[in-house]
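What follows is a single structure, written as structure tokens, with notes after it.
The values are calculated or read from the model by the stated rules, or taken from the named source; none is laboratory data. This is a predicted model, so every value here is computed, not measured. Backbone-built Cβ (ideal geometry, glycine too); neighbour counts: all protein chains shown.
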Number of protein chains: 2
Amino acid sequence: MRATILYAPGHVRVESWADPSIERPTDAIVRVVAGCVCGSDLWPYRGANPVSEPRTIGHEAIGVVEAVGAEVERVRTGNFVVVPFNHCCGRCVHCLAGQTQGCVELAMTASGQAELTRVTNADATCFVLDAAPDPAQHAAVLALSDVLPTGYHAAVSAGVAPGSTAVVVGDGAVGLCGVLSARRLGAERIIALSRNPQRQRIATIFGATDLVPDRGDDAVEAVLELTDGVGADAVLECVGTGESMRTAFRVARPGATVGFVGVPHGTEIPWSTAFRNNIGLRGGMAPVVRYLPELAPAVLAGELDASAVFDLELPLEQAPQGYAAMDERRAVKVLLRP
Amino acid sequence: MRATILYAPGHVRVESWADPSIERPTDAIVRVVAGCVCGSDLWPYRGANPVSEPRTIGHEAIGVVEAVGAEVERVRTGNFVVVPFNHCCGRCVHCLAGQTQGCVELAMTASGQAELTRVTNADATCFVLDAAPDPAQHAAVLALSDVLPTGYHAAVSAGVAPGSTAVVVGDGAVGLCGVLSARRLGAERIIALSRNPQRQRIATIFGATDLVPDRGDDAVEAVLELTDGVGADAVLECVGTGESMRTAFRVARPGATVGFVGVPHGTEIPWSTAFRNNIGLRGGMAPVVRYLPELAPAVLAGELDASAVFDLELPLEQAPQGYAAMDERRAVKVLLRP
């Protein structure tokens, strides 16, 4: 197959690579119809995570089931599926409690930016669509594999409730999906922290009622001013740096929760704020499989559309240009078509 | 008045000091019937917090109202009151939301280990008892000023629910009150991490069903073994060090919450565990005023008794010996009688 291969920081190539195969009888192989580049793919690309040997990359994909293992019963060859980035067994105590990201057999999509990808525990993991969606819906459906449920997880974890005021820290694709999700959960006021005109535009389309271009102390002051000095009922932290985490805690009203969805890198909690104001922290890896039965029908019905985060679409062969565009913040999120 | 004065790390004296006075018309002055030493008093005593000048110390007290300001209406001279360590106005947006620890006029009891202490916003802050309690109940009632509602806050923040399994990290007075509170909230299994025989004994009296004397990796392994590899439904973190916080996150089952109630000092969250397992963090300073209407009647009825944490009672004049006993872990918590 043709696949995007990560060789070293700053160095991705599209080349021929061994096809994935059924390794366990519960596996499926999916022919990718659309994949994309995630903000977290930029970590190894930027050298934040080590790259020990060349490997396939990409964990978001939709496509058509090409083959299934002997024990796969529900998913059939020819099905059009959303492939959640995190695969789960559906049977362990954590899956049964809805904590699919804590599955004892947790595995990840490993070649979403390629022609084929392997899905473990396919019956529990794949979300099967009744029919192949119209190509015009591919971007919206692709968002279900990670970025939309991840933004939704930030909003759910933060406890966004009808009529509430939410602040979204971070204007990447996940943050923007956080805005969209906060609106879906009924937030009356959604304050998006963004200084980039294009991202501000998407945030507004997704439901942001206020835009704050400041950072650090100025951002905190601006949010407090917008909320009559009270702070936000819910805060979505979609960056993961020390500064963004501090900002998130400081704009939260006492008793509020910061919902976080990225792996913070060396980030400390601002303890004295957390302590006095009783600001909670909740989130982490999104339980995508848990959310899809709720989110997918809304997407397919056209009620929930995150496709605007894909502002650049390229053929798979041009994946390196896609990485460069995201790295240089020329694009929010790049969709790749094999 | 006679008062305990902190001069420098390791150096407290009981001596004559200026009486507190009504500074604002909403203040009250309480004649202390019983006060005590808190684990957090040991921070400046041990040099963890700077001591810039000699000052009174102690933030836990019960007593009789000696004087009230012109605007105090509900609290009357002669009332027997519990003095919550954190005072609040009862009118601001945060108080009205139950976040009394986030009050815009937040203040603390400043001379609980003395003959007299000042209470700000007395009407909202003081919990007035119908009658002076029997001296045999003083210790149980004194626990309402901080240690019991703080342990309760750890349990509430951790989301302890009927039938659940709770782990309590920390066998200080707060941790022990956490055990008692977890039982009150209906936990079926309460695993206390303690290696001290005397504290194990109190934990058992308070409702611990299992005792784990190990620390670090061994403690995590022991808890996972006790929970069939699943982890705890709720974790009470009552220490605040890096090791205790790591242990707390690692014994929590995916989706569980760590309830914390001390100000962590330089503590980092174990992010990768928090991320994958979606372990939440919630807590901080206890909203004592919010909890007292619920806890005080139970204490007065004898249904909730944390008095066993006071394992040493001394006259106020011997406060220095009380500090030494707690510093050397010869006593769990010292009650002082002026």
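Just give me the residues in the stretch B:240-274 being under 14 Å from residue A:285 (Cα atoms), in contact with a Pro (Cβ under 8 Å, 6 or more places away or on another chain) and more than 8 Å from every other protein chain (Cβ to nearest Cβ), in sequence order.
Once the filter is applied, which keeps residues that are under 14 Å from residue A:285 (Cα atoms), in contact with a Pro (Cβ under 8 Å, 6 or more places away or on another chain) and more than 8 Å from every other protein chain (Cβ to nearest Cβ), the stretch B:240-274 yields nothing.
Does residue B:282 satisfy the criteria of being more than 9 Å from chain A (Cβ to nearest Cβ), touching a Gly at 6+ places or on another chain (Cβ under 6 Å) and either of a type in the set (A, V, I, L, M, F, W, C) or touching a residue at least 60 places away in the same chain (Cβ under 8 Å) (or both)?
Values: more than 9 Å from chain A (Cβ to nearest Cβ): no; touching a Gly at 6+ places or on another chain (Cβ under 6 Å): yes; either of a type in the set (A, V, I, L, M, F, W, C) or touching a residue at least 60 places away in the same chain (Cβ under 8 Å) (or both): yes.
No, not satisfied.
Of all the residues that make up the stretch B:275-290, how many are surrounded by 22 or more Cβ atoms within 10 Å (Cβ to Cβ) and over 17 Å from residue B:238 (Cα atoms)? Please lay out each step first, then the result.
The first filter runs over the stretch B:275-290 and keeps only residues surrounded by 22 or more Cβ atoms within 10 Å (Cβ to Cβ), leaving B:277-289.
In the following step, the residues that additionally are over 17 Å from residue B:238 (Cα atoms) were identified as B:277-278, B:289.
So the count comes out to 3.
Spot the failing condition for residue B:277; the list is (1) within 14 Å of chain A (Cβ to nearest Cβ); (2) under 18 Å from residue B:181 (Cβ atoms), and only one is missed.
Failing condition for residue B:277: (2).
Check off (1) out of contact with any Lys or Arg (no Cβ under 7 Å at 6 or more places or on another chain); (2) within 14 Å of chain A (Cβ to nearest Cβ); (3) within 15 Å of residue B:293 (Cα to Cα); (4) not small (Gly, Ala, Ser) for residue B:81 and give me the number that stays unchecked.
Evaluating residue B:81 over (1) out of contact with any Lys or Arg (no Cβ under 7 Å at 6 or more places or on another chain); (2) within 14 Å of chain A (Cβ to nearest Cβ); (3) within 15 Å of residue B:293 (Cα to Cα); (4) not small (Gly, Ala, Ser) leaves (2) as the failure.
Go through (1) of a type in the set (A, V, I, L, M, F, W, C); (2) away from every other protein chain (no Cβ under 14 Å); (3) buried (at least 19 other Cβ atoms within 10 Å of the Cβ) and name the single condition residue A:205 misses.
(3)
Among the residues of the stretch B:64-87, write down those that are in contact with a helix residue (DSSP H, G or I) (Cβ under 9 Å, 6 or more places away or on another chain) and either outside the structural domain of residue B:40 (by TED's automatic domain parsing) or surrounded by fewer than 17 Cβ atoms within 10 Å (Cβ to Cβ) (or both). So that I can check it myself, show each step before the final result.
Within the stretch B:64-87, the subset in contact with a helix residue (DSSP H, G or I) (Cβ under 9 Å, 6 or more places away or on another chain) is B:65, B:68-69, B:71-75, B:80-87.
Those that are in contact with a helix residue (DSSP H, G or I) (Cβ under 9 Å, 6 or more places away or on another chain) and either outside the structural domain of residue B:40 (by TED's automatic domain parsing) or surrounded by fewer than 17 Cβ atoms within 10 Å (Cβ to Cβ) (or both): B:71, B:73, B:74.
Kindly provide the set of residues from the stretch B:208-221 that are buried (at least 19 other Cβ atoms within 10 Å of the Cβ) and either small (Gly, Ala, Ser) or at pLDDT below 95 (or both), ordered by number.
Correct list: B:208, B:219.
Between a residue in the stretch A:84-99 that is at the interface with another protein chain (Cβ under 10 Å from one of its Cβ atoms) and any residue that is in a strand (DSSP E or B) and crowded, with 16+ Cβ neighbours inside 10 Å, which pairs come within a Cβ distance under 6 Å, given they are 6 or more apart or on different chains?
Short answer, once both residue conditions are applied: A:94/B:254; A:99/B:254; A:99/B:255.
Would you call residue A:218 outside the structural domain of residue A:242 (by TED's automatic domain parsing) and more than 22 Å from residue B:282 (Cβ to Cβ)? Lay out the reasoning, then the answer.
Values: outside the structural domain of residue A:242 (by TED's automatic domain parsing): no; more than 22 Å from residue B:282 (Cβ to Cβ): yes.
No; evaluated as a whole, the condition is false for this residue.
So in the stretch B:88-116, with the set limited to residues that are closer than 30 Å to residue B:315 by Cβ and either among the aromatic types (Phe, Trp, Tyr) or out of contact with any helix residue (DSSP H, G or I) (no Cβ under 8 Å at 6 or more places or on another chain) (or both), which one is surrounded by the most Cβ atoms within 10 Å (Cβ to Cβ)? Spell out the reasoning first.
Of all residues in the stretch B:88-116, those closer than 30 Å to residue B:315 by Cβ come to B:107-116.
This time we only want the ones that are either among the aromatic types (Phe, Trp, Tyr) or out of contact with any helix residue (DSSP H, G or I) (no Cβ under 8 Å at 6 or more places or on another chain) (or both), so: B:107-108, B:110-111, B:116.
Working: B:107: 16, B:108: 12, B:110: 18, B:111: 25, B:116: 23.
Checked the stretch B:88-116; the qualifying residue surrounded by the most Cβ atoms within 10 Å (Cβ to Cβ) is B:111.
Could you identify the single residue in B:111, B:40 that is assigned by TED's automatic domain parsing to the domain that holds residue B:315 and part of a loop (DSSP other than H, G, I, E, B)? Before you say what the answer is, go through the steps one by one.
Details: B:40 fails: part of a loop (DSSP other than H, G, I, E, B).
Unique residue meeting the criteria: B:111.
Pull up the stretch A:45-83, narrow it to residues that are closer than 24 Å to residue A:328 by Cβ and of a type in the set (Gly, Ala, Ser), then point me to the one that is nearest to the chain's Cα centre (by Cα).
To start, the set of residues in the stretch A:45-83 that are closer than 24 Å to residue A:328 by Cβ comprises A:45-51, A:54-60.
Those left that are additionally of a type in the set (Gly, Ala, Ser): A:47-48, A:58.
Values: A:47: 21, A:48: 19, A:58: 12 Å.
It comes out as A:58.
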